[in-house]
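> Next up is a structure, given as structure tokens.
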Amino acid sequence: MSASYRDLYAASLDDREAFWLDAAGAIDWFERPTRAFDPALGAYGRWFPDGVVNACHNALDRHVAAGRGEQAALIYDSPVTGAKRTYTYAELLAEVARFAAVLQDFGVGPGDRVVVYMPMIPEAVIATYACARLGAIHSVVFGGFAANELAKRIDDATPKVVLAASCGIEPTRVVPYKPLLDAALAGAAHAPEAVVLLQRPQLDAEMVAGRDHDWADLVAAAEGRTTACARMRATDPLYILYTSGTTGTPKGVVRDTGGYLVALAWTMKGLYGIAPGEVFWCASDIGWVVGHSYIVYGPLLHGATTVLYEGKPVGTPDAGAFWRVIAEHKAVALFTAPTALRAIKKEDSKGDLFRQHHLGGFRALFLAGERADPPTVQWAEDLLKVPVIDHCWQTETGWAIVGNPLGIEPLPVKHGSPTVPMPGYDVKVLDDAGHEAAPGTLGNIVIKLPLPPGCLPTLWNADDRFRSAYLEGFPGYYQTSDAGFIDEDGYVFFMARTDDIINVAGHRLSTGGMEEVIASHPDVAECAVVGVADALKGQSPTGFVVLKAGVSRPFADIEREIVALVRDRIGPVAAFKTALTVQRLPKTRSGKILRGTIQKIADGEDWTMPATIEDPATLDEIGAALAGRR
Ligand code: COA
Ligand code: AMP
């Protein structure tokens, strides 16, 4: 790629057809698309409408056929169990083709859904590729969610089969997955035809006769069997990934096949600057979009090696773990969330553990998932002495909206900005009336339609919700629900969400969803949850609760119950630890809770008395409740 960023970006918008048909050349098609984009299809158009393709073929079969069979495809490194294993491309392909045969025996075929509730183990990757091979739509659910959240996803995706493991492993405890799955299936309206359960050595889970099948037995019985890759339309869904919406009902982000493959293949070189054969490590979780794109799919599409790390940045065993993995597996780049770096910095601020490892060919650190705070970026730059590249994206987009195209032309880093729009993303900042904001002026970050390949075409079974959540706010644009600005140099700054989404340790959560759970407590009259600034996790949810008249039980008991309720209904990942009882919530005269002002008070920021407030004394009560906590 010799073009400069500016030329390339302009070309992607000026001649969308030529740009993306050219990029599509990186993918093996059963039928090569003759058009890049058809604006007449779907909610805003569809990518590669006449292309026929298979994601698994592109990640595995074609590389084996081209002679990469003996190269490492996946390196599993699990400090929480002590396990390590490398799968070559040929080995991974054989495992995937075999497991696809297992799924086929359950009648799984093109378009069927398969829910995957598994931790960071190779079988989870094998399972997702087996689905892709058959044209089945996988939906991976993150292990930190509670049974209730899993049930919601099962009811929405209506899977034919659920794939699960007996447990996940957190640094301080084994997390039994099976009771959560059993509770989810008991609570869900939809019943899958089968559960295939992987018994991990750390925990043997009970099986339900007739419904549950042992993974190892089925795989052993499928020895020597293989399956062909299904011929899928580029517009067919590859997966559904649920993400927090503004209510307790998660949004099922649909990822189409062809556009996603093309976009990811472009990013491996253009954005991350990776060459085939190199080791790329994304230290996220396959339950999140970042894990889908850059643990499971991106590196293998590109003929690179991916690392599957079952551990944490700290505590498994120490804050040198990331540097150990990079050194040991010769990773040339790491992609993680700023919160992971803050955790490392807290425990090893001077880099003593870092210096125990020789990072050799390590070239760049990529950060995403939440705002990269400049002090953390600076710390990492000083320590690593390689570019620290922030980039910003959403579950909905599947790849970076804004980034620094290292593989094309590394642009100067400005702390606080993830740099510039990626190809195909026509990013604008609009004021609330829909007029373009002047450079440097804060407004709504939107993307002029169409979204580039790889971004969501719709929400699963919810076209109307897709339109109302993303397309109707600013006609002609996709609304990111982020506020920010673009500076004179075209650098984009993402400052905050404009909805009730908060970002806790790089995990996206809905305060509205937490409020729904808290409101279900029998003693609660009303509540407000805000994301309070947190030095480690970025934000931490804090609930303010008004109890029903006549409730006379000790506040502390009720607050404890509320914390337990959120953990039980949403999951430990919500990291909801603080509920504070107040007499009244601050509201406008029209009854709207003043969450923004509550948050500013909780963050110790300057705030002004809202002109529309009904009773200023309510804000004093918030201050007093917080002071009591401190
Ligand atoms: N399965 C079950 N439970 C899980 C889990 C999983 N996969 N992941 C997290 N949890 C639990 C944790 O054990 C913790 O439980 P606890 O309340 O009993 O301690 C709770 O959920 C909150 O987890 P987390 O917010 O991750 O906090 P932590 O203190 O365990 O770890 C960090 C803090 C910073 C080390 C960790 O959040 C981290 O590595 N973050 C990076 C996130 C990331 O990569 N995000 C992807 C976006 S790119
Ligand atoms: P998720 O869908 O979990 O990836 O969360 C997407 C949201 O996280 C975005 O809408 C942003 O609010 C936030 N986000 C992700 N990456 C960044 C970043 N690099 N800088 C600022 N915010 C980010």
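The values are calculated or read from the model by the stated rules, or taken from the named source; none is laboratory data. What you see is a predicted model; the values in this text were computed from it and never measured. A quick note on method: Cβ atoms are made from the backbone with ideal geometry, for glycine too, and the neighbour counts reach across all protein chains shown. Just so you know, the surface numbers come from the protein's heavy atoms only, side chains and all, with ligands and any DNA or RNA stripped out. Shrake-Rupley method; radii C 1.70, N 1.55, O 1.52, S 1.80 Å.
> Ordering ASP352, ASP373 from largest to smallest accessible area (1.4 angstrom probe), what's the sequence?
Accessible-area ranking of ASP352, ASP373, largest first: ASP352, ASP373.
> In square nanometres, what is one fourth of the surface area of the convex hull spanned by the alpha carbons of segment 547-596?
Answer in nm², one decimal: 4.7.
> Still on this structure: Counting only residues 5 or more places away or on other chains, whose amide H sits under 5 Å from the amide H of ILE389 once H atoms are built in the peptide plane?
LEU365, PHE366, LEU367
> Across segment 387-544, how large is the tail of the calculated P(r) beyond 21 Å, expressed as a percent of all Cα pairs?
53
> Another question about this same structure. Given LYS251/LYS537; LYS178/LYS312; LYS385/LYS414; LYS537/LYS577; LYS84/LYS312, which pairs have Cα atoms separated by over 19 Å?
LYS251/LYS537; LYS178/LYS312
> To continue, here is another question. If you count only protein heavy atoms and use a 1.4 Å probe, how large is the accessible surface of TYR87, to the nearest 10 Å²?
The value for TYR87 is about 10 Å².
> Can you give the Rg/Rh ratio of segment 336-429, where Rg is from the C-alpha atoms and Rh is the Kirkwood radius?
0.99
> Suppose every Lys and Arg Cβ carries +1 and every Asp and Glu Cβ carries -1, with no other charges. What dipole size does segment 49-152 come out with about its Cα centre, to the nearest 20 debye?
Around 80 debye, computed over segment 49-152.
> With every atom except the alpha carbons ignored, what do you get for Rg and Dmax of segment 76-230, in angstroms?
14.7, 42
> Follow-up. Please list, ordered by chain and number, the residues whose modelled amide H lies under 5 Å from the amide H of ILE401; skip anything fewer than 5 residues away on the same chain.
Long-range HN contacts for ILE401: CYS392, TRP393, GLN394.
> Return the ratio Rg/(2.2 N^0.38 Å) for segment 495-567, where Rg is computed over Cα atoms only.
Ratio of Rg to 2.2 N^0.38 Å for segment 495-567: 1.17.
> Could I ask something else about it? By what distance, in whole Å, do the Cα atoms of the chain stretch along each of the three principal axes, largest value first?
72, 62, 56
> Ratio of segment 565-630's C-alpha Rg to 2.2 N^0.38 Å, to two decimals?
1.25
> Just the number, please: Stokes-Einstein D of segment 229-348 in µm²/s, Kirkwood Rh from C-alpha pairs, 20 °C, 1.002 mPa s.
Using the Kirkwood radius from Cα pairs, D works out to 136 µm²/s.
> While we're here: Can you give me the orientation-averaged projected area of the convex hull built on the Cα atoms of segment 191-262, in nm²? Before the final figure, lay out the partial values.
On the way: hull surface 34.7 nm².
Its Cα hull, projected and averaged over all orientations, spans 8.7 nm².
> Scattering from the C-alpha atoms of segment 505-627 alone, worked out with Debye: what is log10 I(q)/I(0) at q = 0.13, 0.15, 0.20 1/Å?
Here the Debye-derived log intensity ratios amount to -0.50, -0.66, -1.17.
> Could you work out the helix-only [θ] at 222 nm for the chain, with each DSSP H run of four or more residues adding -39,500 (n - 2.57) and the total divided by the number of residues, to the nearest 500 deg cm²/dmol?
Working: 17 runs with 173 residues, N = 630.
Using -39500 (n - 2.57) per qualifying helix, the result is -8000 deg cm²/dmol.
> Check LEU238: other-chain or 5+ apart residues with amide H under 5 Å from its amide H, H built from backbone geometry?
ARG255, ASP256, THR257
> Could you order ILE169, ILE154 by accessible surface area, starting with the largest, using a probe radius of 1.4 Å?
From most exposed to least exposed: ILE169, ILE154.
> Here's something else I'd like to know. Roughly how big is the chain's charge dipole about its Cα centre, with Cβ charges of +1 (Lys, Arg) and -1 (Asp, Glu), in debye to the nearest 20?
580
> Quick check: net charge around GLN479, other residues with Cβ under 14 Å of its Cβ, Lys/Arg +1 and Asp/Glu -1?
So the surrounding residues net to -1.
> Throw me the Rg/Rh for segment 1-123, computed over C-alpha atoms with Kirkwood Rh, two decimals. Can you show the working numbers first?
Values: Rg = 19.0 Å, Rh = 17.9 Å.
Rounded to two decimals, Rg/Rh equals 1.06.
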